[in-house]
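Here's the structure we're looking at; comments come further down.
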Amino acid sequence: MILTELISPNKEFTWIDITNPTLEDLTAVGEKYALNHHNLHDCLEPDHLPKFEEGDPFNFIILRKVLDEKEKGATIHMLTTKIAIFFDGDTIVTIHRVPHPDIFPLCKQLIDAGKIISIPGFLLKIVARVQQSFSRFANELNTQIDETETRLFIRKKSAGSIENLYLLKRRAGLCKKLLLLTGEVVSAVQHRQKKSSEMQDIRDSQIKLQLLYDQMTEDALNLVSMYMSISANKTNEVMKILTVFSAYFLPLTFIVGIYGMNFDFMPELGWKYGYPMVIGFMVLVFLLIYFWFRRKKWL
């Protein structure tokens with residue numbers, strides 16, 4: 001466990017930052033700062049969803065931030081990481097499994113520079129950074145969806161396996177669900193904040209992200225449906241070709257079957273030109289079937 005304690009320059013609040021704690025570490029911290037043990041247990045659940053819980057003396061928030069790794073999975077734990085926050089009037093405790101160089105070092109600099117002077121301002125910075133992670137991932141996901149759509153419809157190339165399309169749909173759906181729950185956290189924070197332009201920006205960004213992920217989820221679902229339709233169409237084309245061949249050779253096979261019977265009394269067997277006549281009749285049948293298919297526009 002890495003524990004850092006920082007007192008703001010104006011001595012308005014104290015920040016305790018805890019990275020990668022064990023159960024024993026959290027138990028000790030909980031006893032020292034009187035943190036709710038149920039909330040501490042939530043901190044160790046890797047797949048816990050975002051939430052806001054009012055408590056005494058500490059309120060409790062869980063946020064989920066999209067991981068910066070290039071290869072992201074299709075589960076909540078593999079796609080995002082959890083940030084737990086306890087706060088009251090003069091103390092804020094942040095607990096997270098992995099370091100967040102784009103959040104907490106920046107917050108420390110802003111605190112030292114006197115630009116974060118209260119716990120509400122600190123919370124807004126964290127929420128804003130979490131939203132930025134979803135915004136970056138939205139751009140990445142949208143690019144992948146556009147490239148897949150281009151390969152599928154314009155370049156007429158394979159869009160990859162159905163598993164890849166499923167991953168796109170799954171990631172978009174997970175982020176949509178997480179953003180809906182994060183929106184509840186933002187609303188709870190908003191009710192406890194004074195009106196400010198920063199709070200309004202966060203609220204506007206939250207609405208924009210939810211609409212964006214709604215659209216991407218719908219686009220991913222449409223891609224899966226289109227992929228299945230195109231695959232079914234290709235299968236139908238193959239079956240059409242096989243059916244055409246069957247239609248050509250079925251009557252020819254019937255003729256050959258008749259003349260392959262070994263009966264003693266078959267008058268055609270004694271004909272001098274019987275063999276070329278049968279071959280000619282088979283060619284005629286083939287041509288009739290061909291022109292019939294052309295007339296029906298099946299070829």
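The values are calculated or read from the model by the stated rules, or taken from the named source; none is laboratory data. Bear in mind that the values here come from a model prediction, so they are computed numbers and not experimental data. Don't worry about glycine lacking a Cβ; one is built from the backbone with ideal geometry, like all the others, and counts go over all protein chains shown.
Observations, loosely collected:
- Output for the stretch 11-31, where each listed residue is of a type in the set (D, E, K, R) and closer than 23 Å to CYS107 by Cβ: LYS11, GLU12, ASP17, ASP25
Here is a yes/no grid of residues against (1) in contact with a Phe, Trp or Tyr (Cβ under 8 Å, 6 or more places away or on another chain); (2) at pLDDT 90 or above; (3) β-branched (Val, Ile, Thr); (4) over 14 Å from VAL127 (Cα atoms):
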residue: SER187; (1), (2), (3), (4): no, no, no, no
residue: SER196; (1), (2), (3), (4): no, no, no, yes
residue: ARG203; (1), (2), (3), (4): no, yes, no, no
residue: VAL224; (1), (2), (3), (4): yes, no, yes, yes
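Results for (1) at positive phi; (2) in contact with a helix residue (DSSP H, G or I) (Cβ under 6 Å, 6 or more places away or on another chain); (3) part of a helix (DSSP H, G or I); (4) of a type in the set (S, T, N, Q), shown as yes or no for each residue.
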{"site": "LYS240", "(1), (2), (3), (4)": "no, no, yes, no"}
{"site": "VAL244", "(1), (2), (3), (4)": "no, no, yes, no"}
{"site": "LEU252", "(1), (2), (3), (4)": "no, yes, yes, no"}
{"site": "ASN262", "(1), (2), (3), (4)": "no, no, no, yes"}
{"site": "PHE265", "(1), (2), (3), (4)": "no, no, no, no"}
{"site": "ILE279", "(1), (2), (3), (4)": "no, no, yes, no"}
{"site": "PHE293", "(1), (2), (3), (4)": "no, no, yes, no"}
{"site": "TRP298", "(1), (2), (3), (4)": "no, no, no, no"}
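- Options ILE111, ILE92, ILE145, ILE119: the member that is under 18 Å from PRO50 (Cβ atoms), β-branched (Val, Ile, Thr) and surrounded by 17 or more Cβ atoms within 10 Å (Cβ to Cβ): ILE92
- The stretch 1-28, residues that are among the β-branched types (Val, Ile, Thr) and within 36 Å of the chain's Cα centre (by Cα): ILE2, THR4, ILE16, ILE18, THR19, THR22, THR27
- Filter result (of a type in the set (Ser, Thr, Tyr) and at pLDDT 85 or above) within the stretch 28-44: none
- For ILE61, the criteria (1) surrounded by fewer than 20 Cβ atoms within 10 Å (Cβ to Cβ); (2) touching a Leu at 6+ places or on another chain (Cβ under 8 Å); (3) modelled with pLDDT of 90 or more hold in every case but one, which is (1).
- Residue check, GLU31 surrounded by fewer than 12 Cβ atoms within 10 Å (Cβ to Cβ) and assigned to a strand (DSSP E or B): no
- ALA247 being over 30 Å from ALA138 (Cα atoms) and of a type in the set (A, V, I, L, M): yes
- Candidates ILE207, ILE230, filtered to the one that is out of contact with any Asp or Glu (no Cβ under 7 Å at 6 or more places or on another chain), modelled with pLDDT under 90 and not small (Gly, Ala, Ser): ILE230
- Restricting the stretch 269-280 to residues that are surrounded by 10 or more Cβ atoms within 10 Å (Cβ to Cβ) and either outside the structural domain of PRO251 (by TED's automatic domain parsing) or more than 19 Å from PRO251 (Cα to Cα) (or both) leaves a set whose member that is modelled with the lowest pLDDT is LEU269.
- Selection within the stretch 1-52 - more than 27 Å from LYS115 (Cα to Cα) and among the hydroxyl-bearing types (Ser, Thr, Tyr): THR22, THR27
- Of everything in the stretch 34-49 that is among the aliphatic types (A, V, I, L, M) and part of a loop (DSSP other than H, G, I, E, B), the residue that is surrounded by the fewest Cβ atoms within 10 Å (Cβ to Cβ) is ALA34.
- Hey, ASP47 under 20 Å from ILE2 (Cα atoms) and either at pLDDT 85 or above or among the hydrophobic types (A, V, I, L, M, F, W, C) (or both) or not: no
- For first residues located in the stretch 265-280 and in contact (Cβ under 8 Å) with a residue 12 or more places away in the chain, partners that are hydrophobic (A, V, I, L, M, F, W, C) and lie 6+ apart or on another chain with Cβ distances below 8 Å form the pairs VAL278/ILE255.
- In the set GLN210, GLN206, GLN215, GLN193, only one residue is surrounded by 12 or more Cβ atoms within 10 Å (Cβ to Cβ), outside any helix (DSSP H, G or I) and either of a type outside the set (Phe, Trp, Tyr) or in contact with a strand residue (DSSP E or B) (Cβ under 6 Å, 6 or more places away or on another chain) (or both); that residue is GLN193.
- Those residues of the stretch 233-268 which are aromatic (Phe, Trp, Tyr) and surrounded by 12 or more Cβ atoms within 10 Å (Cβ to Cβ), in sequence order: TYR248, PHE249, TYR259
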